[in-house]
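Undergrad: I am attaching a structure below and will ask some questions about it afterwards.
We did not get these values from a lab; they are worked out from the coordinates using the rules stated. Here the structure is a predicted model, which means the values were calculated and not measured. FYI the Cβ positions are ideal-geometry reconstructions off the backbone, even for glycines, and counts take in every protein chain you see.
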Amino acid sequence: MSQRVFITGVGIITSIGKNTAENLDSLLNRHHGFGTLELLDTVHKASFPCCEIKLDDAQLKIMAGAEGPGFTRTTLLGLIALKEAVRSAGLSETELKTCGLISATTTGGIREFEKNFYDILNPDQHGVFEQFVDTANPGEHCERMADTLGIRRYVSTVSTACSSSANALMQGAALIKSGKMARVICGGTEALSRFTINGFNALMILDSEHCRPFDQTRKGLNLGEGAAYLVLESESSMVSRAKHPLAILSGYGNANDAFHQTSSSPEGTGAFKAMTAALNSAGISAEAVQYINAHGTATENNDLSEGTGLKRVFGENIPPFSSTKPFTGHTLAAAGSIEAVYSLMAIQKSIVWPSLNFHHTIPELNIVPQTELQTVSEIKNVLSNSFGFGGNTSSLLMTAV
Amino acid sequence: MASHFINGIGIISPQKTYEPERFLEEVISYDENILNCLTPDFKTFINPIQLRRLSRMLRIGLTASILCQRDAGLSLSDGIITSTGYGFLEETEKFLREIIDRKEQQVSPTFFMQGTYNALSGLVALSLKCTGYNNTYVSKGFAFEHALNDALMQIDDDPGMNFLVGGYDEAAKVQHTTGLREGHYKSKPISSLSLFDSIETGTIQGEGAAFFALSGTASENTWCELIDSQTVYRPDELDLLLAVEKFLQMNNTTVGKVDAVINGMAGDPIRDKVIGSLGNGILGEVPQLRFKHLSGEYCTAICFGLWLGAKIIKTQNIPDAVKVQDSTYPKGISTILIVNQYLGRNYSLILLKNCPARGGS
């Protein structure tokens, strides 16, 4: 029999809070993380609002308790969230050794690499930048985090663009279900970089105003940064540690839209398949879902495709749904795990998070996201979507204990 | 646990591996410490319009996937899982140069799009119209092993499933420059075929793309059975020894039953030390084979080793180019252990067996 997968700890840092409590407080009070870029040096500073964490690398390094050279902003954000997750799950140093770590990234430490690019490429140049010569590698941040915490058993990195950390969580769950691992910490980390801002700008999908998911006037996404990790654990491991679960990762689905390199199909093929697979693997019907944390990037293409997918799965009775990206921006590789934490909070507090900035219904879809914070009698099941370039679509289902 | 079979392989490497009828009868030597892929005529695999739009590595990767599907006789797959250490670093470099040199103005999205790590898994899905499972692992010297493990676990759940599992890495100039800074590559040029005679620290840079068709069901095209795979992170000599013993034991076999070991040592006297200790110890009696003088070193180089092992089992022939001088080799090869290392940090084990359905020795 395949095992159930429990969530026993979480950690998070975003532009709306540097830990779980602060993120919850911001969600409850509609505090978004937008502002003008202060720490990232780019010519697009004034053009595009971003959700930047207003702590410089030196401050992050102290918070992360990191020592020595070589820690990129991606790694530092990751470490802060990872350490909170470890504390939250009450894992000892000995227990950490036999844990797995699966981290997700889109571009690793490209922020530091791009800053020192020509120095790095000139073999005659030497200096402090040399600590970052290998940070264009996507797996570098994960090994460094594992080394810092003494995690040895399974050290893995996933990169499927904006669905990366949802896939990291799925792989962790699969390892536990198969009995190969008892505990795996999964999530993702993402720092703002000129690389991603210019990439999305070149694709013309950045909005110069605050993003408006599922709104007819939506013009694109805003970028954000952050990290979140969840401790996944088998039942026997949890019982042996006398630990209470926060929720169950009860289902997941991964599919590919197979439509276009950077855009989603008008039929929402991948979205439909991922959500359906998540429901099926949990063995529940669509009616049993009380809240959907949508991918909802506010690009013209995503919201139409995802909305169509939602209608195909849920028909005319789509449960309350929202996108929390107007709070945090699109945190790319970290979005799946950050939103998994928000979904978990929705279960714990019986609250549906609002979709900010929504005013006009998309006529082709005629669906309206939840716009106000709403307390409900019970949230038993939450579906959380993460889609990305390359056609990758993933959906996670979290269930109350 | 279900059985897992390799039912097809497509591989493009610095040797002429894209021609299925060949098996390293002739090997090519490289003199600049960088080994680049020998490629087939892409036009016979990819239509001209699409071909123009693809970067060199996407062409190589897509072609390797097509070679694999043809070999397996598969037109459909339930999922595509790829892996890479550094991804499309040449495209990333081009994009970075555009951003910096043009001061972030008039930047084209092409290199950004083609530089994402999952660009190949997306492309293969698109060309196969495969809406099934899709994932990409980028964990340095473990990337391919994690992709493989993902497929193996799903096959254990449902033996009827078919997966295309791939690994790719390119010998990017940027990586060579940064690798030299960190002592990953040798600074003095050597002849690649004499890699294992070199006493300088570091290795030589290689590249390649390979796809493996994996299923829980054997077919008439089956190469061999892939029993199990495991990663070992930063072991010392004792850790690795214990890991090998436990791995063999868990898979109901012993050192005595292993006919040959494919050793992923990289010709780097420092970083080969731990993996080399196996040859002097527990695996001392088992004939050794090496391959990184033919493929060069890269994060997913184990793909070359896996192809080599599967091909030896399938053909019951060991090419001279991979033999180690003082080893003697058995006539029949039914069990092969692959032991790989990357930068002395990422170690992995794969166990292959002759497929009973195929008969053989």
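Undergrad: Using the reciprocal of the averaged 1/r over all distinct C-alpha pairs, how large is the Kirkwood radius of segment B:261-361 in Å? Don't skip to the end; give the middle numbers.
TA: On the way: mean 1/r = 0.0721 Å⁻¹.
Kirkwood radius, segment B:261-361: 13.9 Å.
Undergrad: When you have a sec, figure out the Kirkwood radius of segment A:45-201 from all distinct Cα pair distances and drop it here in Å to one decimal? Could you put the intermediate results ahead of the total?
TA: Numbers: mean 1/r = 0.0607 Å⁻¹.
After inverting the pairwise mean of 1/r, the radius is 16.5 Å.
Undergrad: As a footprinting exposure proxy, order A:T148, A:T328, B:T82 by other Cβ within 10 Å, with the fewest listed first.
TA: On the way: A:T148 19, A:T328 29, B:T82 35.
Neighbour counts put them in this order, fewest first: A:T148, A:T328, B:T82.
Undergrad: What does DSSP give for chain B in terms of the percent of beta bridges that are antiparallel, rounded to the nearest 5?
TA: Working: 34 of 53 bridges.
Counting only bridges with both partners in chain B, antiparallel ones make up about 65 percent.
Undergrad: What ranking, highest mean first, results for peptides A:219-231, B:278-290 when packing means the other Cβ atoms within 10 Å averaged over each residue?
TA: Values: A:219-231: 28.8, B:278-290: 16.9.
Going from most to least packed, we get A:219-231, B:278-290.
Undergrad: Rounded to the nearest whole Å³, what is the per residue volume of the convex hull around the Cα atoms of segment B:167-249? Can you show the working numbers first?
TA: Values: hull volume 14.5 nm³, N = 83.
So the per-residue hull volume is 175 Å³.
Undergrad: Let me ask you something else. In terms of the Cα gyration tensor, with a ≥ b ≥ c the square roots of its eigenvalues, is chain A rounded because a/c is under 1.5, prolate because a/b exceeds b/c, or oblate?
TA: oblate
Undergrad: Work out from phi, with θ = phi - 60° and the Karplus expression 6.51 cos²θ - 1.76 cosθ + 1.60, the ³J(HN,Hα) of each residue of segment A:290-300, listed in order in whole Hz, and give x for Gly and Pro.
TA: Result, rounded to whole Hz: 9, 8, 10, 8, 6, 5, x, 6, 6, 7, 4.
Undergrad: Ok, one more. Quick one: Debye curve from the C-alpha atoms of segment A:8-106, no solvent, what's log10 I(q)/I(0) at q = 0.13, 0.18, 0.20, 0.22 Å⁻¹?
TA: -0.55, -0.98, -1.14, -1.27
Undergrad: Going 7 Å from the Cα of A:D124 toward and past its Cβ, which residues in segment B:150-188 have a backbone nitrogen under 17 Å from where you end up?
TA: The answer is B:181, whose backbone nitrogens lie closer than 17 Å to the label point.
Undergrad: Right, next: Given H placed 1.01 Å from N in the peptide plane, which residues other than close sequence neighbours of B:H4 have an amide H under 5 Å from its amide H?
TA: Residues meeting the amide H criterion: B:L226.
Undergrad: Moving to a separate point now. Please check which bits of segment A:296-315 a label hung off A:E267 would reach, taking the label as a point 7 Å along Cα-to-C-beta and the cut-off as backbone N under 20 Å.
TA: From segment A:296-315, the list is A:301-315.
Undergrad: Expressed as a whole number of Å, what is the distance separating the alpha-carbon centroids of segment B:24-91 and segment B:254-268?
TA: Answer, in whole Å: 27.
Undergrad: Also: At 15 Å minimum axial length over the Cα atoms and a Kyte-Doolittle cut of 0.5, report the qualifying DSSP H helices in chain B, or say none.
TA: B:237-250, B:302-315
Undergrad: Also: So if each residue of separation counts as 0.36 nm, and I subtract the Cα-Cα distance between B:Q249 and B:R56, what length gain in nm does that give? Before the final figure, lay out each step's value.
TA: Details: separation 193, 0.36 × 193 = 69.48 nm, distance 4.28 nm.
Fully extending the segment from B:Q249 to B:R56 adds 65.2 nm.
Undergrad: Do the sum for chain A: with -39,500 (n - 2.57) for every DSSP H run of n ≥ 4, divided by all residues, what is the mean residue ellipticity at 222 nm, to the nearest 500 deg cm²/dmol?
TA: Numbers: 14 runs with 137 residues, N = 401.
Only helices count here, giving -10000 deg cm²/dmol.
Undergrad: Could you give the nm distance between label points at A:T36 and B:I199, where each point is 7 Å from its Cα heading toward the beta carbon?
TA: Going by the 7 Å Cα→Cβ label model, 6.3 nm.
Undergrad: Give the percent of DSSP beta bridges with both residues in the protein assembly as shown that are antiparallel, rounded to the nearest 5.
TA: Details: 74 of 112 bridges.
Of all bridge pairs located within the protein assembly as shown, approximately 65 percent are antiparallel.
Undergrad: Quick check on the exposure proxy: order A:Y118, B:Y233 from fewest to most C-beta atoms within 10 angstrom.
TA: Values: A:Y118 12, B:Y233 22.
Ascending Cβ contact count within 10 Å gives the list A:Y118, B:Y233.
Undergrad: Let me ask something else. Given a cut-off of 27 Å, name the pairs among A:K83/B:K292; B:K292/B:K314; A:K54/A:K325; B:K129/B:K353 whose C-alpha atoms lie farther apart than that in the structure shown. Intermediate values should be presented prior to the final figure.
TA: Working: A:K83/B:K292 39 Å; B:K292/B:K314 21 Å; A:K54/A:K325 18 Å; B:K129/B:K353 32 Å.
In this structure, A:K83/B:K292; B:K129/B:K353 exceed 27 Å between Cα atoms.
Undergrad: Based on the alpha-carbon gyration tensor of segment B:101-233 and its eigenvalue square roots a ≥ b ≥ c, which shape applies: rounded if a/c is under 1.5, prolate if not and a/b is larger than b/c, or oblate?
TA: oblate
Undergrad: Here is a further query. What is the Cα coordinate range of the protein assembly as shown on the first, second and third principal axes, sorted by size from largest, in whole angstrom?
TA: That works out to 75, 58, 54 Å along the principal axes.
Undergrad: Using 1/(1 + (r/R0)^6) with R0 = 45 angstrom and r between the beta carbons of B:Y329 and A:N301, what's the FRET efficiency to the nearest 0.05? Don't skip to the end; give the middle numbers.
TA: Values: r = 57 Å, r/R0 = 1.27.
Once rounded, the FRET efficiency stands at 0.20.
Undergrad: Starting from the Cα of B:Q106, move 7 Å in the Cα-to-Cβ direction to define the label point; list residues of segment A:191-225 whose amide nitrogen is under 18 Å from there.
TA: Inside the label zone: A:198-199, A:201-204.
Undergrad: Please report how far the C-alpha centroid of segment A:76-98 lies from that of segment A:267-319, rounded to the nearest whole angstrom.
TA: 32
Undergrad: Within 10 Å of each Cβ of B:170-182, how many other protein chain Cβ atoms are there on average? Don't skip to the end; give the middle numbers.
TA: Values: counts 0, 0, 1, 1, 6, 3, 0, 5, 11, 2, 2, 8, 3.
Mean shielding by partner chains, rounded to a whole number: 3.
Undergrad: With n ≥ 4 as the cut-off for DSSP H runs, can you work out [θ] at 222 nm for chain B, using -39500 (n - 2.57) per run divided by the number of residues, rounded to the nearest 500?
TA: Details: 11 runs with 115 residues, N = 361.
Result for chain B: -9500 deg cm²/dmol, rounded to the nearest 500.
Undergrad: Let me ask another. In terms of modelled amide H atoms, which long-range or inter-chain residues lie less than 5 Å from the amide H of A:C51?
TA: Long-range HN contacts for A:C51: A:L223, A:G224, A:E225.
Undergrad: Explain nothing, just compute: Karplus ³J(HN,Hα) = 6.51 cos²θ - 1.76 cosθ + 1.60, θ = phi - 60°, for every residue of segment B:336-353 in order, whole Hz, x for Gly and Pro.
TA: Working through the residues one at a time gives 10, 10, 9, 10, 10, 9, 10, 6, x, 10, 9, 10, 8, 10, 9, 10, 10, 9 Hz.
Undergrad: Students often get this wrong, so check it: of A:K97/B:K186; A:K219/A:K380; A:K61/A:K219; A:K180/A:K273; A:K273/A:K380, which have C-alpha atoms separated by over 24 Å? Could you put the intermediate results ahead of the total?
TA: Numbers: A:K97/B:K186 34 Å; A:K219/A:K380 34 Å; A:K61/A:K219 36 Å; A:K180/A:K273 27 Å; A:K273/A:K380 22 Å.
As for pairs spanning more than 24 Å Cα to Cα, those are A:K97/B:K186; A:K219/A:K380; A:K61/A:K219; A:K180/A:K273.
Undergrad: Another question about this same structure. Could you tell me the distance between the Cα centroids of segment A:195-222 and segment B:168-223, to the nearest Å?
TA: So the separation of the two Cα centres works out to 39 Å.
Undergrad: According to a simple spin-label model (label point 7 Å from Cα along Cα-to-Cβ), what is the distance in nm between A:S92 and B:E237?
TA: Distance between the two pseudo-spin positions: 3.2 nm.
Undergrad: Let me ask something else. GNM on chain A, C-alpha springs below 10 Å: top fluctuator among A:G188, A:G68, A:G336?
TA: Among A:G188, A:G68, A:G336, the largest mean-square fluctuation in the Gaussian network model of chain A belongs to A:G68.
Undergrad: How high is the relative contact order of chain B, given as a whole-number percent (alpha carbon pairs under 8 Å, six or more residues apart)?
TA: Numbers: 814 pairs, mean separation 87.2, N = 361.
In percent, rounded to a whole number, it is 24.
Undergrad: Would you mind computing Rg(Cα) / (2.2 N^0.38 Å) for segment A:1-41, counting N as its residues? Don't jump to the answer; show the numbers that get you there.
TA: Details: Rg = 15.6 Å, N = 41, 2.2 N^0.38 = 9.0 Å.
That ratio works out to 1.73.
Undergrad: Here's another thing I want to ask about it. Can you run the Rg to Rh ratio on segment A:233-339? Use alpha carbon positions and the Kirkwood inverse-distance Rh. Display every interim value, and only then the final one.
TA: Values: Rg = 15.7 Å, Rh = 15.4 Å.
Here the Rg-to-Rh quotient is 1.02.
Undergrad: I'd like to know how segment A:260-401 sits against the 2.2 N^0.38 Å rule of thumb: what's its Cα Rg over that expected value? Each step should come with its number before you reach the end.
TA: Details: Rg = 13.7 Å, N = 142, 2.2 N^0.38 = 14.5 Å.
In units of the globular-protein estimate, segment A:260-401 measures up at 0.95.
Undergrad: Now a separate question. Remind me, what semi-axes does chain B give for its equivalent ellipsoid, largest first in whole Å, using sqrt of 5 times each Cα gyration tensor eigenvalue? Each step should come with its number before you reach the end.
TA: Details: eigenvalues 184, 130, 67 Å².
Result for chain B: semi-axes of 30, 26, 18 Å.
Undergrad: Turning to a different aspect of this structure: Positive end of the charge dipole of chain B (Lys, Arg +1 and Asp, Glu -1 on Cβ, about the Cα centre): tell me which of B:P356, B:M250, B:G166 has its Cα farthest that way.
TA: The residue sitting most towards the positive pole is B:G166.
Undergrad: Could you give the nm distance between label points at B:S219 and B:I49, where each point is 7 Å from its Cα heading toward the beta carbon?
TA: The answer from the label model is 2.9 nm.
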